[in-house]
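The values are calculated or read from the model by the stated rules, or taken from the named source; none is laboratory data. Given the structure is predicted, the values throughout are model-derived calculations rather than measurements. FYI the Cβ positions are ideal-geometry reconstructions off the backbone, even for glycines, and counts take in every protein chain you see.
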Amino acid sequence: MSADILPNWENLVRKQLKTDDIYSILKKENLEGIEVKPFYSDVKRPLVNLPKVEENTHLVARYHESLEEDVFAFILDHNVENLEEKTIFVNNKDLAGHISPKEEDQYFSLIDVFNEKQGTIDDQLAKELLSKDFKRNICVDISLHQNAGAAIDQQLGIALAKAKELAEVYGPEILRKLIFRIAVGGNYFFEMAKLRAFKIVFNQLSKEYGLNEAPYIFAETSLRNKAVADSENNLIRSTLELASAMIAGADAVFSNNYLVDRSTDNSEEISFKQQIVLAYESIINVFEDASNGSYYVEEITRQIAEKSWALFIEIEEGGGYLELLKQGIIQKKIYDHAVEEQKWVEEGKIKLIGVNLYPKLDVKRSVEDLYSEKEIKAVRWAEMFE
């Protein structure tokens, strides 16, 4: 192809970089195995609008008495009277056992019935939760996997595999009773695409059972990219994570405390008010699929969906999530990615301001100190330097 009929942007970039080999220079590496082009002018297969379950995204705070007047959705770890007009996300299995909701739509469970260490489902707990008049009874928690260093396709593949384990034991109708707790990391557009891709693959899973369901997504800010000595930057990172989740169409969002190692009434209030600013000043909590039509987001959504579904099939062919967990295969997959990711942090390929960019701290712990290939455990990148 002659230079005079190449797209204008390519000619301009060639001139700026003083080379014809622009794509090798503009190529951007990522650990997810996703092909990212420097410029998008179309998309192979445009995606339909991806719906969410809730009309407006729930803005969720950890319960505190001072927030009762202003907050409509709480995470609850202990019993509180007179919250009839609030939406409640129950985060304690003992508390769940004592709750008798007056209205089904009011209560959601954030309790995962999987025992990751033993590779089992707590059947008694699952049946107890399913007997409750909750809008969503069972939580499939993959926030742990993101915080442990799992790749995006691993997170979604595991979420599907856990959902299928539940459907096989308790019947396909349980897919309508699930809530997926997902941690959103700092790779803004990738995380947006992650939630969008999960809607696609979960809907595909539900169709295998003759259903046509969208997943209920409870998105929370990641702990993985937060630092103890860098709280101001933590606040910026978590704001972008919340924005990513809202734009992607999460049904509920929650901001973990930006102080990481401690909690104060003020820090809890500020953490929640991040959501208020995004929702009521930017008005991004009301859209189903605000990024639909963005060629870049559409394309990486498609790639993530395909990789996630392929991993799900691989897990199923290997015997299912619980079986591979007992064999240590799931742990090893997450470990391998987490260690590679940590090396990128150590080498500065992944940048954390105040940690490895304009650093305040020296390397104090090795990768071997932080990770175990036999256990799925949450590790923050900055722990290497703390």
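General remarks:
- Residue in the stretch 300-308 that is outside the structural domain of residue 241 (by TED's automatic domain parsing) and of a type in the set (Asp, Glu) present: yes
- Residue within the stretch 245-264 that is over 19 Å from residue 91 (Cα atoms), among the small types (Gly, Ala, Ser) and in contact with a strand residue (DSSP E or B) (Cβ under 6 Å, 6 or more places away or on another chain) present: yes
Every residue, every condition in (1) surrounded by fewer than 20 Cβ atoms within 10 Å (Cβ to Cβ); (2) of a type outside the set (Val, Ile, Thr); (3) more than 11 Å from the chain's Cα centre (by Cα), yes or no:
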position	(1), (2), (3)
140	no, no, yes
150	no, yes, no
154	no, yes, yes
161	no, yes, yes
173	yes, yes, yes
183	no, yes, no
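- Residue tally, condition of a type in the set (S, T, N, Q) and either without any contact (Cβ under 8 Å) to a residue 12 or more places away in the chain or surrounded by 21 or more Cβ atoms within 10 Å (Cβ to Cβ) (or both), over the stretch 343-386: 1
- Checklist (1) closer than 23 Å to residue 215 by Cβ; (2) surrounded by 10 or more Cβ atoms within 10 Å (Cβ to Cβ) applied to residue 48, failing item: (2)
- Scan of the stretch 168-191 for residues that are outside any strand (DSSP E or B), of a type in the set (A, V, I, L, M) and over 17 Å from residue 212 (Cβ atoms), ordered by number: 169
- Filter result for residue 285 (touching a strand residue (DSSP E or B) at 6+ places or on another chain (Cβ under 9 Å), more than 30 Å from residue 118 (Cα to Cα) and not charged (D, E, K, R)): yes
- Answer from 99, 142, 121 - the residue that is in contact (Cβ under 8 Å) with a residue 24 or more places away in the chain, over 21 Å from residue 320 (Cβ atoms) and of a type in the set (A, V, I, L, M): 99
- Considering the stretch 29-107, there are no qualifying strands (runs of 3 or more DSSP E) wholly inside with 2 or more residues that are hydroxyl-bearing (Ser, Thr, Tyr) and modelled with pLDDT under 85.
- Checking each residue in the stretch 306-319 for being surrounded by 16 or more Cβ atoms within 10 Å (Cβ to Cβ) and more than 11 Å from residue 160 (Cβ to Cβ) picks out only 307.
- Taken together, the criteria place residue 170 among residues that are hydroxyl-bearing (Ser, Thr, Tyr), farther than 30 Å from residue 291 by Cβ and not assigned by TED's automatic domain parsing to the domain that holds residue 379.
- The sole residue among 252, 245, 227 that is more than 18 Å from residue 149 (Cα to Cα) and touching a helix residue (DSSP H, G or I) at 6+ places or on another chain (Cβ under 7 Å) is 245.
- Members of the stretch 192-243 that are aromatic (Phe, Trp, Tyr) and assigned to a helix (DSSP H, G or I): 198, 202
- If you go through the stretch 244-272 and keep only what is over 30 Å from residue 38 (Cα atoms), under 20 Å from the mean Cα position of the chain (by Cα) and not in a loop (DSSP other than H, G, I, E, B), you end up with 252, 253, 254, 271, 272.
- The lone exception for residue 350 - which of (1) out of contact with any Lys or Arg (no Cβ under 8 Å at 6 or more places or on another chain); (2) within 22 Å of residue 218 (Cβ to Cβ) it fails: (2)
- Of all residues in the stretch 225-236 being surrounded by fewer than 22 Cβ atoms within 10 Å (Cβ to Cβ) and over 16 Å from residue 262 (Cβ atoms), the one that is farthest from the chain's Cα centre (by Cα): 233
- Of residues in the stretch 108-136 being part of a loop (DSSP other than H, G, I, E, B) and at pLDDT 95 or above, the one surrounded by the fewest Cβ atoms within 10 Å (Cβ to Cβ): 122
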